[in-house]
Each structure stands twice: as C-alpha cells, then as structure tokens.
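The values are calculated or read from the model by the stated rules, or taken from the named source; none is laboratory data. Please read these numbers as outputs of a predicted model, since none were measured by experiment. Backbone-built Cβ (ideal geometry, glycine too); neighbour counts: all protein chains shown. The area values use the complete protein model at the heavy-atom level, side chains included, leaving out ligands, DNA and RNA. Shrake-Rupley method; radii C 1.70, N 1.55, O 1.52, S 1.80 Å.
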Amino acid sequence: MAVKVYVVFYSTYGHVAKLAEEIKKGAASVEGVEVKVWQVPEILSEEVLGKMGAPPKTDAPVITPQDLAEADGILFGFPTRFGMMASQMKAFFDATGGLWREQSLAGKPAGVFFSTGTQGGGQETTPLTAVTQLTHHGMVFVPVGYTFGAKLFDMESVHGGSPYGAGTFAGDGSRWPTEVELEHAFHQGKYFAGVAKKLKGAAA
C-alpha cells in the first residue's frame with residue numbers, strides 16, 4: 001500500500017502555500033508515496049481579510065481534524081505570529097482533542113515548515129514552539145537537520161529555513177520564496193517522505 005503523506009498548511013498571503021507546493025513535489029518524488037495538500041479552516045472573516053489585503057485562498061481542500069488520522073505522515077506549514085504559529089493553525093490543533101483521546105496520531109511522523117517576516121522573526125522559535133503540539137499527540141518529530149547540505153550554510157544571500165524545516169522570509173509581503181528556499185522545501189518533502197516510508201515499512 002502507498003504511504004500517505006499529508007501537507008497541511010495555513011497561508012494568509014500565499015508564501016506558505018508556495019512552500020507547500022514544493023514540499024508536495026519533493027514528497028511525491030519518492031516512489032510509493034501519495035501526497036495530498038490540505039489547508040486548515042480560516043477563522044477570520046472575509047471583511048477582516050479584505051482589510052488586511054489578503055488574496056483569495058488556494059483551491060486546496062479544507063481539512064478536518066479527523067482527516068489527520070488517515071495519514072501515515074504529516075507536514076504542517078504556517079506563518080509566524082510573534083515567534084509562534086499563526087492562530088489559525090493553533091485553532092486547528094486545539095480542535096484535535098478527540099484524536100488525542102484516541103491516540104490516533106501517536107507514532108506518526110510529523111514535520112514543519114514556515115514563513116516569517118524578518119530574519120529575527122522566528123525561523124527557529126516558530127517551529128520549536130510548534131513541537132509542543134506534536135509532542136502531546138505522541139507524534140515523531142522529523143526535523144530536516146542539515147541534510148540540505150551546503151546551501152543551508154550559504155552566507156552570500158538571504159534565505160530562510162533552519163534545521164527544523166524549510167522556511168522563507170516574507171518581508172512586507174512583497175518578497176516571495178527564493179530558488180534556494182524552494183529547493184529546501186522540495187528537499188524537505190523528499191526527505192520526510194523517505195522517513196515516513198521507512199517507518200511504515202518497519203511497522204508492516
């Protein structure tokens with residue numbers, strides 16, 4: 001049976017959605033892996049989103065907490081808000097109490113990717129604080145580490161991402177993920193899918 005990897009994200013302005021596309025491509029490049037991209041429910045009104053200048057949402061289906069139980073591995077993507085995940089993603093995690101009671105996610109591999117406004121805006125604190133959500137579910141956190149290689153050490157250009165996962169800097173919203181940031185996202189998807197495949201094979 002194919003290994004099911006879910007890419008679950010929240011994106012206000014499209015930066016995290018762009019990373020999610022590359023994450024999907026990377027994961028789908030692993031033989032025997034099926035990838036599905038989902039977005040979490042929006043909790044802001046259309047009026048508020050309009051005042052924020054947020055573009056329309058992507059056509060990715062909206063996930064429910066129970067859908068998570070069907071995945072063999074899950075990558076969560078979100079922008080930062082003051083060094084932690086955006087409230088939309090936190091609200092989604094808050095709705096997974098039923099899965100927690102049933103231990104439906106225990107033992108499943110999970111990873112994270114993210115977007116911040118600036119270099120000091122949470123490229124490490126955002127994923128670090130997100131690990132608490134995974135821990136309470138008993139999920140197995142799979143960081144990308146330094147498997148991306150030399151490009152993660154590159155000092156010639158500004159780029160997001162960290163050992164925790166792929167990342168991008170949005171700046172004032174006009175900066176989009178660079179080629180290196182997208183490559184990092186692709187690599188994370190491929191790396192994570194490989195780990196999820198190994199774990200499912202070992203459990204079979």
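Given the residues VAL195, VAL180, which is the only one that is surrounded by fewer than 23 Cβ atoms within 10 Å (Cβ to Cβ), touching a Lys or Arg at 6+ places or on another chain (Cβ under 7 Å) and closer than 17 Å to LYS24 by Cα? Show your work before the answer.
On the way: VAL195 fails: touching a Lys or Arg at 6+ places or on another chain (Cβ under 7 Å).
None of the other options fit; the residue is VAL180.
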* To do: List every residue pair whose Cβ atoms lie under 8 Å apart, where the two residues are 6 or more positions apart in sequence or sit on different chains, the first residue falls within the range 172-192 and is closer than 16 Å to GLY111 by Cβ, and the second residue, located anywhere, is open to solvent by 70 Å² or more (accessible area, probe 1.4 Å) and at pLDDT below 95.
  => HIS184/LYS151
* Within the bounds of the range 91-105, is there any residue that is out of contact with any Asp or Glu (no Cβ under 9 Å at 6 or more places or on another chain), charged (D, E, K, R) and over 24 Å from ALA196 (Cα atoms)? -> yes
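Quick check: is even one residue across the range 1-24 in contact with a helix residue (DSSP H, G or I) (Cβ under 9 Å, 6 or more places away or on another chain), hydrophobic (A, V, I, L, M, F, W, C) and free of Cβ contacts under 8 Å to residues at least 12 places away in the same chain? Lay out the reasoning, then the answer.
Residues of the range 1-24 that are in contact with a helix residue (DSSP H, G or I) (Cβ under 9 Å, 6 or more places away or on another chain), as a first pass: 1, 3-13, 18-24.
Among the residues that remain, those that are also hydrophobic (A, V, I, L, M, F, W, C) are: 1, 3, 5, 7-9, 19-20, 23.
Then keep just the ones that are free of Cβ contacts under 8 Å to residues at least 12 places away in the same chain; that gives 1.
Yes: the range 1-24 contains one or more residues that are in contact with a helix residue (DSSP H, G or I) (Cβ under 9 Å, 6 or more places away or on another chain), hydrophobic (A, V, I, L, M, F, W, C) and free of Cβ contacts under 8 Å to residues at least 12 places away in the same chain.
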* Asked: Hey, does the range 71-93 have a residue that's farther than 19 Å from GLY165 by Cβ, of a type in the set (Asp, Glu) and over 11 Å from the mean Cα position of the chain (by Cα)?
  -> no
* Asked: Pairs, please: C-beta under 7 Å, at least 6 apart or cross-chain, first residue without any contact (Cβ under 8 Å) to a residue 40 or more places away in the chain and in the range 99-124, second assigned to a helix (DSSP H, G or I) and of a type outside the set (Gly, Ala, Ser)?
  -> LEU99/PRO65; LEU99/LEU68; TRP100/HIS136; LEU105/LEU68; LEU105/LEU99; ALA110/LEU134
* Asked: Among (1) over 13 Å from LEU75 (Cα atoms); (2) in contact with a Gly (Cβ under 6 Å, 6 or more places away or on another chain); (3) open to solvent by 20 Å² or more (accessible area, probe 1.4 Å), which single condition is GLY173 missing?
  -> (2)
* To do: Could you tell me which residue of the range 140-162 is surrounded by the most Cβ atoms within 10 Å (Cβ to Cβ), considering only residues that are over 16 Å from PHE78 (Cβ atoms) and aromatic (Phe, Trp, Tyr)?
  => PHE148
* **Any chance MET52 is at pLDDT 95 or above, among the aliphatic types (A, V, I, L, M) and more than 14 Å from the chain's Cα centre (by Cα)** => no
* To do: Kindly establish whether GLY165 is more than 30 Å from GLN103 (Cα to Cα) and open to solvent by less than 30 Å² (accessible area, probe 1.4 Å).
  => no
